[in-house]
């Protein structure tokens, strides 16, 4: 078997992965707070097929090393800020700058999200669209008529008989040394890993955290034009590798034809 | 005579197999950041007319592609960054760096990227990498990326995973500008790669045809001569 064929197959598999990643980015072009990913590749180990040898009078010929293709090195999530989309809904929050909202996952761990389209649960708690409660808990009094969230994350409510505005808490945020290392949990949530580092918590507009914008949502950071161009490049590269397999196959076939009966 | 020619042609075919494998490897890595293509040429063997493969590494600059990601680092010009792997120091052309859990600058494999004074620790928010490799975090310098150059290209060997090993000690300091927020494309041109593939196929066909012709001569010789 011509090992060049396997090399080209690895190229096709890599490009297939690239298309998978692009397809996921494109599918989430309208997902609030979604961060695009990027596939990167690396060459695999080399095999020495001919050691260095002395050619007459011309010095030493370098060894011939043949690479055996390519493999996926990493899928890196790009944590750039997406565009801000004004919705006017009081419980839509976007973080302009660094930081994640913290939510409680069903198993008790803390999840992190940039999707700030919150809602109020039946017990008055501030929850995500997925029903996960904000950490630390933020409970709105039952007679609330209006919620104001300032840029530094302070939540004030007004309502009741007096109609006065009272502060009920402040939204805490988390950030990571390496946000690309966070684990995607689906549902716009991320989980902490050893690669991301431990969460540093703090408040908006302090210690480098971004500001909270009420009535705004962060759209995905996917740019359709960029994804489409990458898609075309991946498709072409896929075809080229398929072509190389055909060439290898052709060569094998012509050897096969040499044998006469 | 035809028998020896068949053997020589077979050696030529084995050369073209190598060429095809290398062309396939280059094409498989057409989207690998920082990949440097292999080139193979024929040298005439001292012992006979068949070709012997001679390989060279093509160190031409690849295109720089803007990504905007803070820790994507590419090198413009000759030279290499140094990473510390478990097998020792290796050279690299940059790529998607990141920070590990301890805040150290690492490459895509988690191998530490070395600065002029060892591994670089980064803690802060605004990371700026200047053209000369100085890393500025929140306005204060945190280190400078170590850059080296290798004068003898033949001393360089690819190890896979984007790493290069050098059999000579690389010289410190390199001509090259560090580009933050950019990645270096593979220096493999897919069109040249395809044309190369086509040329290999044709040369292969020519050699197999020659082999067929000699085989039929040999067939005639063995079946006709000595016939009564």
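The values are calculated or read from the model by the stated rules, or taken from the named source; none is laboratory data. All values reported here derive from a predicted model rather than from experimental measurement. Quick reminder, even Gly has a Cβ in these numbers, built from the backbone with ideal geometry, and neighbours come from all protein chains shown.
Could you go through region A:70-82 and let me know if any residue there is at pLDDT 90 or above, at the interface with chain B (Cβ under 8 Å from one of its Cβ atoms) and closer than 30 Å to residue A:247 by Cα. Checked region A:70-82: at least one residue is at pLDDT 90 or above, at the interface with chain B (Cβ under 8 Å from one of its Cβ atoms) and closer than 30 Å to residue A:247 by Cα.
Pick out the one residue from A:108, A:33 that is at positive phi, surrounded by 15 or more Cβ atoms within 10 Å (Cβ to Cβ) and either more than 7 Å from chain B (Cβ to nearest Cβ) or assigned to a helix (DSSP H, G or I) (or both).
On the way: A:108 fails: surrounded by 15 or more Cβ atoms within 10 Å (Cβ to Cβ).
Testing whether each residue is at positive phi, surrounded by 15 or more Cβ atoms within 10 Å (Cβ to Cβ) and either more than 7 Å from chain B (Cβ to nearest Cβ) or assigned to a helix (DSSP H, G or I) (or both) leaves just A:33.
Residue count for region B:71-92, restricted to those that are within 16 Å of residue A:74 (Cβ to Cβ) and not in a strand (DSSP E or B): 1.
Yes/no per residue for (1) over 22 Å from the mean Cα position of the chain (by Cα); (2) closer than 24 Å to residue A:65 by Cα; (3) at pLDDT below 85:
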| position | (1), (2), (3) |
| --- | --- |
| B:137 | yes, no, no |
| B:149 | no, yes, no |
| B:162 | no, yes, no |
| B:175 | no, no, yes |
| B:191 | no, yes, no |
| B:211 | yes, no, no |
| B:214 | yes, no, no |
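Checking the stated criteria, residue B:227 turns out not to satisfy the condition of being assigned to a helix (DSSP H, G or I) and more than 21 Å from the chain's Cα centre (by Cα).
Looking only at region B:46-55, residues that are free of Cβ contacts under 8 Å to residues at least 12 places away in the same chain and either more than 7 Å from every other protein chain (Cβ to nearest Cβ) or within 13 Å of residue A:43 (Cβ to Cβ) (or both) come to 1 in all.
Can you name the residue in region B:167-193 that is closer than 30 Å to residue A:4 by Cα and touching a helix residue (DSSP H, G or I) at 6+ places or on another chain (Cβ under 6 Å) and, of all such residues, is nearest to the other protein chains (Cβ to nearest Cβ)? Once the filter is applied, the top-ranked residue is B:190. Residue count for region A:78-94, restricted to those that are crowded, with 18+ Cβ neighbours inside 10 Å and either more than 19 Å from residue A:128 (Cα to Cα) or under 17 Å from the mean Cα position of the chain (by Cα) (or both): 3. Looking at region B:165-184 only, could you name the residues that are under 12 Å from residue B:75 (Cβ atoms) and not in a loop (DSSP other than H, G, I, E, B)? Within region B:165-184, B:177, B:178, B:179, B:180, B:182, B:183, B:184 qualify.
Of all residues in region A:42-58, those that are closer than 17 Å to residue B:18 by Cα and more than 8 Å from every other protein chain (Cβ to nearest Cβ) have Cβ atoms under 8 Å from Cβ atoms of residues that are at pLDDT below 80 and in a loop (DSSP other than H, G, I, E, B), 6 or more apart or on another chain, in A:48/A:63; A:51/A:63; A:52/A:62; A:52/A:63. When each of B:31, B:42, B:12 is tested for being surrounded by fewer than 17 Cβ atoms within 10 Å (Cβ to Cβ), in contact with a helix residue (DSSP H, G or I) (Cβ under 7 Å, 6 or more places away or on another chain), touching a residue at least 24 places away in the same chain (Cβ under 8 Å) and on the phi < 0 side of the Ramachandran plot, the lone residue that passes is B:42. Would you confirm whether or not region A:173-182 contains a residue that is modelled with pLDDT of 90 or more and over 19 Å from residue A:37 (Cα atoms)? Taking every residue of region A:173-182 in turn, at least one turns out to be modelled with pLDDT of 90 or more and over 19 Å from residue A:37 (Cα atoms). Residues in region A:175-196 that are within 14 Å of chain B (Cβ to nearest Cβ), surrounded by 18 or more Cβ atoms within 10 Å (Cβ to Cβ) and out of contact with any helix residue (DSSP H, G or I) (no Cβ under 7 Å at 6 or more places or on another chain): A:175, A:176, A:177, A:178, A:179, A:180, A:181, A:182, A:192. Taking residue B:33, is it over 19 Å from residue B:200 (Cα atoms) and facing chain A (nearest Cβ under 9 Å)? Judged against the criteria, residue B:33 is a match.
If the condition is being outside any strand (DSSP E or B) and either over 30 Å from the mean Cα position of the chain (by Cα) or facing chain A (nearest Cβ under 9 Å) (or both), then region B:99-135 contributes B:100, B:101, B:102, B:103, B:108, B:109, B:110, B:122, B:123, B:124, B:125, B:126. Kindly indicate the residue of region A:59-69 that is facing chain B (nearest Cβ under 7 Å), modelled with pLDDT under 85 and in a strand (DSSP E or B) and also nearest to the chain's Cα centre (by Cα) among those meeting that condition. It comes out as A:64.
Is it the case that residue A:15 is crowded, with 16+ Cβ neighbours inside 10 Å, within 12 Å of chain B (Cβ to nearest Cβ) and modelled with pLDDT under 90?
no
Among the residues of region A:218-237, are any at positive phi and either assigned by TED's automatic domain parsing to the domain that holds residue A:16 or in contact with a strand residue (DSSP E or B) (Cβ under 6 Å, 6 or more places away or on another chain) (or both)? Scanning region A:218-237, I find no residue that is at positive phi and either assigned by TED's automatic domain parsing to the domain that holds residue A:16 or in contact with a strand residue (DSSP E or B) (Cβ under 6 Å, 6 or more places away or on another chain) (or both), so the answer is no.
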